[in-house]
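Below is one structure, written out as structure tokens; the observations come after it.
The values are calculated or read from the model by the stated rules, or taken from the named source; none is laboratory data. Just so you know, these numbers come straight off a predicted model, no measurement behind them. Here the Cβ positions follow ideal geometry from the backbone for every residue, glycine too, while neighbour counts run over all protein chains shown. The protein model used for the area step is the full one, side chains on, heavy atoms only, and it has no ligands, DNA or RNA in it. Shrake-Rupley method; radii C 1.70, N 1.55, O 1.52, S 1.80 Å.
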Amino acid sequence: MCGIIGAVLIRGQVAPLIRQSLKRLEYRGYDSSGIATVEEGRIYIKKDKGKIDDIHRRLNFDLLPGVIGIGHTRWATHGPPSRSNAHPHIDCNNRIAVVHNGIIENYQELRESLVDRGHSFLSETDTEVIPHLIEEALQTTKGLDQAVGKILPKIEGSYAIAVLDTSGTSLVCARKESPLLLGLSNDGFYCASDVPAFLPMTRQIIVLEDEEIACLTTQGATLYQLSPKGKLFKLPPKSPTTVQWTLDMAEKGGYPHFMLKEIHEQPRVLRDTLRIKKAELQKFAEVMNNHQTICTVAAGTSYHATLASRYMFSQIAGRFLHSVVASESPEIIDTSLGDEAVIIAVSQSGETIDTIHAIKDLKRQGCTILVITNTIDSSITRLADSVLYTQAGPEIGVAATKTFVTQLACLASLSICVGEITGKQTHEEARHLLEELNQFPELLQSIIRNQESIVKETAQHYVAKPSFFFLGRGISRATAMEGALKIKELAYVHAEGYPAGESKHGPIALVEEGFPVVFVAPNDRTRRFILGNVMEMKSRLAQIITLCSGDDERLAELSDSVIQMPSNLSNAFSPIGYVVPLQFLAYYAAIQRGYNPDQPRNLAKAVTVL
Ligand code: M6R
């Protein structure tokens, strides 16, 4: 998730305005920044690794000349944070500059063919193919807008781009599956990833739709529809809407808290994560397959993702995984594991000291270290033999939400890949599983749409209860544990996440009339046992809250409150969907109890003490 901005001013100097806008987009990424402007047939660029203010102190962005400019604040996806990987990127002749938010899936192929045709590249980014493609297109088309239109159908994946060239008369922007808005004012015309970028300049906004292109000049914004063949058809002018948000609201996308915004972002970041290249997964999967022992190490929510992955790997790939809590790893992992073991360390921040210590220790023992993280260049990546990045973008709420579903997506994709290598899945079966997995962004969208208000009411109903059980069997045990962790962290309510089958071996002693028990009960092979556990709790007069398939009438009938999940949701990956209502439950329980869910007491986003 990066932030982009483009501006065409009627008068004045654009660079200071772009710098300040980038500052307001920094929540979208902050590992490098850059600005390009154009004046008198020349493009000027300043960019570097680091935060915008630090770069500005060193380079002084404000000195860039001109009234047309583009800017970018980066959350690295392809290539580590560095000056060369920072945007804007240029063509061979320094005549075109581009900023981009999104992921170009086929960039490798595009890059190779551009190199064959004599183009030279300066970065490791996927974005850099764009200015080179435009460079070629400009040889046969008239005008920057036509050239941009011509190349976009060649790009697979997602993009929001802003492009300028040395003609210095216009700025062209376009989007597909990445956000892009236009801002209109009496002083100039703008495009940006999000509303905060514009707020001091204008509140008049137009939302650009997928496959629409806008050409901004000092005269205004002209909108085009892009045809699949790259032709542009002029659209009638759209009337702008007026945003009423304050800056603080705008940074949170209009939501009252980052956590709620991040829950709502899950369909999109999941889609981005599911775009991880098969070749990258394959590399990981082969390493896993070549080792006798596979252990995962992680902490907190990341540990719950690894716990869910045990079930995926065993059922889909036929491989047994040892899931170890990072802080326990030195005590539990046999020192003789050596090079027979591969360790998968999972950490959103990449800075959790327990996880770092564990893998340092295991590395010393000769184990191979594979890392799944959300944070490029984090400490953990430097200890890894190989890294896979989730594509959740910065998570600001202290509670992990969107990073959890992206970790699950990564691990699920890997389990399918390993399953194909081990032969547990035929090619056809693996393809089918992937199809099921790829349905989750849509499914999450519908869960969010249909369940948020129901869960809010459920939270209201149970908010005064001092203690909860969250129970699940099989893979849902991990979902239950994550649900309990969330409500503990945010609403400061005692909650135990437990394997449902184990609850009768002790925890049931706590159950008395009205005790709330949340069952995570998808319609998988554990359901018939879950029914028994529900009956056990009911007969002790517990209040039953069930998350189950929408067509599960029996469970609905037995429950005091039901949260109905889509019945077509794949059981193999059910935590990706079933965790969402539990995130809402914790969020609304916190709100109703008067706590700020973004900054729960005693917790830190990255725990860097042992
Ligand atoms: O950055 P990491 O994934 O390594 O963090 C691990 C835990 O500290 C983290 O998941 C923690 O449990 C969160 N507060 C969960 O909401």
Q) What about ASN533, is it within 16 Å of the ligand (Cβ to nearest atom) and outside any strand (DSSP E or B)? A) no
Q) In the list GLU442, GLU482, GLU457, which residue meets the criterion of being within 16 Å of the ligand (Cβ to nearest atom) and at pLDDT 95 or above? A) GLU482
Q. Residues of the stretch 452-473 being of a type in the set (A, V, I, L, M) and in contact with a Pro (Cβ under 6 Å, 6 or more places away or on another chain), which ones?
A. VAL455
Q. Which ones in the stretch 18-57 are touching a strand residue (DSSP E or B) at 6+ places or on another chain (Cβ under 7 Å), open to solvent by 30 Å² or more (accessible area, probe 1.4 Å) and in a helix (DSSP H, G or I)?
A. ARG19
Q | Every pair of residues 6+ apart whose Cβ atoms lie under 7 Å, when the first sits in the stretch 197-223 and is among the small types (Gly, Ala, Ser) and assigned to a loop (DSSP other than H, G, I, E, B) while the second is at pLDDT 90 or above and open to solvent by less than 60 Å² (accessible area, probe 1.4 Å) | A | none
Q | Pick from the stretch 446-464, criterion of a type in the set (A, V, I, L, M) and over 19 Å from SER549 (Cα atoms), ranking: most open to solvent (accessible area, probe 1.4 Å) | A | ALA464
Q) Does the stretch 358-373 contain at least one residue that is over 21 Å from the mean Cα position of the chain (by Cα), surrounded by fewer than 23 Cβ atoms within 10 Å (Cβ to Cβ), more than 10 Å from the ligand (Cβ to nearest atom) and on the phi > 0 side of the Ramachandran plot? A) yes
Q. For the stretch 325-339, what are the residues that are in contact with a His (Cβ under 9 Å, 6 or more places away or on another chain) and either modelled with pLDDT of 90 or more or under 19 Å from SER302 (Cα atoms) (or both)?
A. ALA326, SER327, SER329, PRO330, ILE332, ILE333
Q) So how many residues does the stretch 266-321 have that are assigned to a strand (DSSP E or B) and open to solvent by 20 Å² or more (accessible area, probe 1.4 Å)? A) 1
Q | Subset of the stretch 559-581 (residues that are open to solvent by 10 Å² or more (accessible area, probe 1.4 Å), assigned to a helix (DSSP H, G or I) and in contact with a helix residue (DSSP H, G or I) (Cβ under 8 Å, 6 or more places away or on another chain)) | A | ALA572
Q. Since LEU547 meets every condition but one in (1) assigned to a helix (DSSP H, G or I); (2) more than 16 Å from the ligand (Cβ to nearest atom), which condition does it not meet?
A. (1)
Q) If we scan the stretch 498-511, do we find a residue that is assigned to a loop (DSSP other than H, G, I, E, B), away from the ligand (no atom under 16 Å from the Cβ), in the same structural domain as GLN592 (by TED's automatic domain parsing) and open to solvent by 10 Å² or more (accessible area, probe 1.4 Å)? A) yes
Q: Only strands (runs of 3 or more DSSP E) wholly contained in the stretch 87-195 count here; list those with 2 or more residues that are under 25 Å from the mean Cα position of the chain (by Cα), more than 20 Å from VAL67 (Cβ to Cβ) and not β-branched (Val, Ile, Thr).
A: 96-101, 159-165, 171-176
Q) Say we look at the stretch 465-513 and pick out the residues that are aromatic (Phe, Trp, Tyr) and under 19 Å from ALA305 (Cβ atoms); which of these is farthest from the chain's Cα centre (by Cα)? A) TYR498
Q: Could you list all residues from the stretch 583-610 that are open to solvent by less than 60 Å² (accessible area, probe 1.4 Å), within 12 Å of the ligand (Cβ to nearest atom) and in contact with a Ser or Thr (Cβ under 7 Å, 6 or more places away or on another chain)?
A: GLN583, ALA606
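Each row is one residue, and each column tells you yes or no for (1) assigned to a helix (DSSP H, G or I); (2) over 21 Å from SER178 (Cα atoms).
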| site | (1), (2) |
| --- | --- |
| GLN391 | no, no |
| PRO394 | no, no |
| ALA400 | no, yes |
| GLY419 | yes, yes |
| GLU429 | yes, yes |
| LEU443 | yes, no |
| SER446 | yes, no |
| ALA464 | no, yes |
Q | Cβ-Cβ under 8 Å pairs, at least 6 apart or on other chains, the stretch 345-369 side over 30 Å from VAL269 (Cα atoms) and of a type outside the set (Val, Ile, Thr), far side open to solvent by less than 10 Å² (accessible area, probe 1.4 Å) and within 11 Å of the ligand (Cβ to nearest atom) | A | LEU362/VAL297
Q: State whether the residues of the stretch 128-142 include one that is in contact with a helix residue (DSSP H, G or I) (Cβ under 6 Å, 6 or more places away or on another chain), surrounded by fewer than 20 Cβ atoms within 10 Å (Cβ to Cβ) and under 22 Å from CYS215 (Cα atoms).
A: yes
Q) Only one of (1) open to solvent by less than 10 Å² (accessible area, probe 1.4 Å); (2) modelled with pLDDT of 95 or more; (3) within 14 Å of the ligand (Cβ to nearest atom); (4) not aromatic (Phe, Trp, Tyr) fails for ALA400. Which number is that? A) (1)
Q. Would the stretch 469-486 turn up any residue that is among the β-branched types (Val, Ile, Thr), in a helix (DSSP H, G or I), surrounded by 22 or more Cβ atoms within 10 Å (Cβ to Cβ) and in contact (Cβ under 8 Å) with a residue 40 or more places away in the chain?
A. yes
Q: Please work out which residue is nearest to PRO522 (Cα to Cα), limiting yourself to the stretch 299-348 and to residues that are within 16 Å of the ligand (Cβ to nearest atom), more than 21 Å from the chain's Cα centre (by Cα) and of a type outside the set (Val, Ile, Thr).
A: SER323
